[in-house]
Amino acid sequence: MEHRTQGRGANPLRRHADRARTRLHAAFALTCLLAVVVGLALARAAWTDGHRTAENVARHRHVVTATTTGETTYRAGDQPSSRPVAVATATWHFPSQRPHRATVPVPSGTLKGDTVRVWVDDDGSAAAAPPGRADIALDAVGLGTGAVAGIVLVGGALVAVCLRTVDARSARDWESEWAGIEPVWSGRLRPGPGAGED
């Protein structure tokens, strides 16, 4: 009985369309499961690769003490919705007393002549800080979530198209069967050769 209710038995009351719908729903459920597995695998790979990249970058990043030589100004953030970033011209020496001068991000309220910490590369040029754990995690989650959403959307679209095809075929079959059954069920004779003749 259980096999029949789930569409796996040879139930004569279940039409081909019913079995096709059951298989399509099962296929979509498997697609969702596959999407989760793929998403987790990609997120894990991105996390591992992000840590490896961050460690490699950190080997070539150094923190130096710089002295501001100008007043603090503000520039637009990296994202349209982010807050303005405080910047100021500063000088520092790295490596071996090699002088450098550039406009770098500084804490808000920094005054001319204050000392600030600046990230630089092996040549002493201003550089971005190594990626942190939060940035790596955000990238990994974004990649995994994007993969899950993409697979589910594509799988859902394909299943929806197949279901529409099944429904259309089922409607045509029903109309064809009804055309043969309705006259007998209602007692109305079909018009045919000789109909209306005396």
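The values are calculated or read from the model by the stated rules, or taken from the named source; none is laboratory data. Keep in mind that what you see is a predicted model, and the values were worked out from it rather than measured. Ideal geometry is used to build each Cβ from the backbone, glycine not excepted, and the neighbour counts take in all protein chains shown. Quick note on the areas: whole protein, heavy atoms, side chains included, nothing else; ligands and nucleic acids left out. Shrake-Rupley method; radii C 1.70, N 1.55, O 1.52, S 1.80 Å.
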(request) Say whether the condition of being in contact (Cβ under 8 Å) with a residue 12 or more places away in the chain, open to solvent by 50 Å² or more (accessible area, probe 1.4 Å) and part of a helix (DSSP H, G or I) is met by at least one residue in segment 116-125. (result) no
(message) I'd like to verify a number: residues in segment 56-92 that are assigned to a loop (DSSP other than H, G, I, E, B), of a type in the set (S, T, N, Q) and either under 17 Å from S125 (Cβ atoms) or modelled with pLDDT of 90 or more (or both), how many?
(response) 2
(message) Looking at (1) open to solvent by less than 90 Å² (accessible area, probe 1.4 Å); (2) more than 30 Å from L158 (Cα to Cα), which one does V38 not meet, given that it meets all the others?
(response) (2)
(request) Considering every residue within segment 9-18, establish whether at least one is open to solvent by less than 50 Å² (accessible area, probe 1.4 Å) and at pLDDT 90 or above. (result) no
(request) Would you mind stating whether T68 is farther than 30 Å from I151 by Cβ, out of contact with any helix residue (DSSP H, G or I) (no Cβ under 9 Å at 6 or more places or on another chain) and open to solvent by less than 50 Å² (accessible area, probe 1.4 Å)? (result) yes
(request) Starting from segment 143-157, keep only residues that are farther than 21 Å from L24 by Cα, then list their pairs with residues that are open to solvent by 40 Å² or more (accessible area, probe 1.4 Å) and in a helix (DSSP H, G or I) whose Cβ atoms are within a distance under 7 Å, requiring at least 6 positions of separation or different chains. (result) L143/L42; G144/L40; G144/L42; A147/V38; A147/L42
(message) I'd like the residue in segment 93-117 that is among the hydrophobic types (A, V, I, L, M, F, W, C) and over 35 Å from the mean Cα position of the chain (by Cα) and, out of all such residues, is modelled with the lowest pLDDT.
(response) F94
